[in-house]
Amino acid sequence: MFSNGGAVLMQAGFARLRRFCAIGLSTFAVLGAPLSVAAEPLKVVASFSILGDMVKVIGGENVQVTTLIGPNVDAHSHEPTASDSRVLADANVVVMNGLGFEAWMPRLMRASGFKGHEIVASTGVTPRQLDHDHDHDHGHSHGHDDKADGAASVDPHAWQDLRNGVKYARNIANGLSRVDPVNRAGYQARADIYVTEMEKLHNEIRQSLAAIPAERRKVVTPHDAFGYFGQAYDITFVPVAGLASDAEPSARDIARLIREIKKTKSAALFTEKALSSRVINQIARETGAKVGGTLYADTLDVTDRPAGTYLGMFKWNAGQLIFSLKP
């Protein structure tokens with residue numbers, strides 16, 4: 001039995017202990033908060049739909065992606081809006097293609113006051129060079145870099161070679177890892193899986209197209225967006241216009257193409273998603289050649305469609321070409 005004095009002392013001791021525990025638990029809760037509460041996803045802005053899909057695949061649950069130029073929209077004709085500026089101002093990271101594709105981006109970044117990190121997806125790619133004779137009307141309202149007469153122009157559509165897609169994926173994964181090192185393992189693991197899928201698809205497309213006679217592997221498209229695809233998979237793409245999707249081919253260019261198609265009788269005609277099919281249909285009428293289908297160059301389709309992802313776009317394009325070109 002405790003005396004009254006002992007009981008009082010015990011009660012006082014318990015009170016101090018309770019106060020100490022309360023202080024300790026609250027301190028632990030504050031210090032331990034980052035371990036128990038999930039970090040906010042990185043706010044990432046991608047310039048156009050193809051990059052937006054890549055970032056979603058590699059970033060997973062660790063990123064919140066906003067795409068400035070959505071699916072089925074001509075990326076060449078984009079004019080930045082006030083909404084674009086607000087989105088960029090709130091972002092942690094911006095992912096862009098580079099190679100002059102988004103000539104409007106520096107202006108938008110200045111206007112928005114963007115202070116985050118930049119990832120240029122095409123870093124390390126060997127650019128496809130074009131001279132102005134081949135480039136036609138490149139350099140009007142489409143937003144790519146324009147060079148002085150006689151200088152080479154860079155083709156920005158590097159994603160049209162899956163080997164370059166591998167470089168894009170690595171650059172995105174490394175860039176996100178630098179900004180968010182805590183989640184580096186996840187970014188790199190997802191990129192590894194993605195790269196394996198790209199390499200497998202690249203080999204399948206090469207094998208399938210190689211089985212088609214070389215003289216049949218000739219394709220006419222509205223603008224010069226498939227040069228990298230042609231180099232990678234040994235197809236000759238003949239663009240009606242230059243790099244600019246809004247460039248109007250001359251009557252002489254159209255007449256030359258019509259004569260060439262009638263002579264060789266080997267070219268397949270394709271329209272492009274988000275671009276007018278008027279000139280391609282005109283050439284089809286005058287040559288009797290059939291339009292093989294629609295290819296995706298600068299945009300994806302909506303997410304629930306076959307060409308709604310980067311890999312899906314490649315499967316779609318390759319499938320359309322193989323079906324139209326095979327004997």
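In what sequence, highest mean first, do 291-304, 166-179 appear when ranked by Cβ atoms within 10 angstrom? It would help to have the intermediate numbers written out before the result.
Values: 291-304: 19.4, 166-179: 21.9.
Going by the mean number of other Cβ atoms within 10 Å, highest first, we get 166-179, 291-304.
Which of the lysines could be linked to K200 by a straight reach, that is with a Cα gap under 23 Å, when you skip same-chain ones fewer than 8 residues away?
Correct list for K200: K56, K167, K315, K326.
Using packing as a proxy for protection, rank 64-74, 39-49, 189-199 so that the peptide with the highest average count of other Cβ atoms within 10 Å comes first.
Going by the mean number of other Cβ atoms within 10 Å, highest first, we get 39-49, 64-74, 189-199.
Setting aside same-chain residues fewer than 8 positions from K115, which lysines have a Cα under 20 Å from its Cα?
Straight-distance partners of K115: K43.
For the ranges 211-218, 157-164, what's the packing order if you count other beta-carbon atoms within 10 Å of each residue, average per peptide, and put the highest first?
Top to bottom by mean Cβ count within 10 Å: 157-164, 211-218.
Coordinate-derived values only; no laboratory data. Model, not experiment: these values are computed from the prediction. All Cβ positions, glycine included, derive from the backbone under ideal geometry; neighbour counts span all protein chains shown.
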